[in-house]
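Report on one structure; see the data block that follows.
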């Protein structure tokens, strides 16, 4: 896929989906983290997930951090407020810049965060610029994951830390033909071009090939599972009454993903992971 087509599809998907993200996830674009045996709200679970970002990066007030694929600033403003670090957020979606800045003003952290329209595969930052880099479910939108990771490596300081909160998927042959067909429709319509590069038990090798060391993988599928279950509950009625009977998964990727990805995750075809590494 050509770069122009990819970014057009990405912008179309998020423009179309932004109301849903606002209503269901309060503007966030990441799942929650549910500690074992705790009955908490989705909002509380999202905060737990954001705290996992800080924990995995070992954040301090001295750190300069890149939020690569910053969305509407939900994670970056939380981290800046609680941990007093400096964060630069980048996105390729123009509408997100305005929303992120408004949230920063509301939370009184405008002096600690800044947002720019930029492709994370070819940034304008100098070499060895950041102490930390993180993503929260944005790397699957990379058109060339190897290029993206090499760019992260370039702009990260020696000894710097990365934390990627991302999905991995099984090999194609482990999906049934019907599952693969639906999976491909969702991936295409949501511009998740890089998702098939995130294979179970293999993606850590991609990080190593990009130059990162001390690569660690933590499977937190069980902790993210209740988020998937809640999304499936919201989506079941429209999906089974309208979307699936008429084969409209590509037109309604979020409802389709809420139901089908949950079912695939139950079979182990999709996992939710935290990847950490150093330069």
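The values are calculated or read from the model by the stated rules, or taken from the named source; none is laboratory data. From a predicted model like this one, the values you see are computed outputs, not experimental measurements. As a convention, Cβ positions derive from the backbone with ideal geometry for all residues, glycine included, and neighbour counts pool all protein chains shown.
Residue-wise test of (1) assigned to a helix (DSSP H, G or I); (2) more than 16 Å from the chain's Cα centre (by Cα); (3) surrounded by 14 or more Cβ atoms within 10 Å (Cβ to Cβ).
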position: 207; (1), (2), (3): yes, yes, yes
position: 224; (1), (2), (3): yes, no, yes
position: 232; (1), (2), (3): yes, yes, yes
position: 235; (1), (2), (3): yes, yes, yes
position: 240; (1), (2), (3): yes, yes, no
position: 256; (1), (2), (3): yes, yes, yes
position: 263; (1), (2), (3): yes, yes, yes
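Within this structure, residue 213 fails the test of being surrounded by 13 or more Cβ atoms within 10 Å (Cβ to Cβ), on the phi < 0 side of the Ramachandran plot, touching a residue at least 40 places away in the same chain (Cβ under 8 Å) and touching a strand residue (DSSP E or B) at 6+ places or on another chain (Cβ under 6 Å). For region 265-279, filtering for residues that are assigned to a loop (DSSP other than H, G, I, E, B) and in contact with a strand residue (DSSP E or B) (Cβ under 6 Å, 6 or more places away or on another chain) leaves 1. Mind listing just one residue for me: the one in region 4-49 that is touching a strand residue (DSSP E or B) at 6+ places or on another chain (Cβ under 8 Å) and either at pLDDT 90 or above or part of a helix (DSSP H, G or I) (or both) and, of those, farthest from residue 78 (Cα to Cα)? Step by step, filter region 4-49, then rank; the result is 31. Selection of first residues in region 236-250 that are without any contact (Cβ under 8 Å) to a residue 40 or more places away in the chain and of second residues that are surrounded by fewer than 16 Cβ atoms within 10 Å (Cβ to Cβ) and not in a loop (DSSP other than H, G, I, E, B), restricted to Cβ pairs under 8 Å at least 6 apart or on distinct chains, gives the following pairs, ordered by first then second residue: 248/242. Can you find a residue in region 242-250 that is at pLDDT below 95 and assigned to a helix (DSSP H, G or I)? Yes, because at least one residue in region 242-250 is at pLDDT below 95 and assigned to a helix (DSSP H, G or I). Among residues of region 164-193 being crowded, with 21+ Cβ neighbours inside 10 Å and assigned to a loop (DSSP other than H, G, I, E, B), the one that is nearest to the chain's Cα centre (by Cα) is 192.
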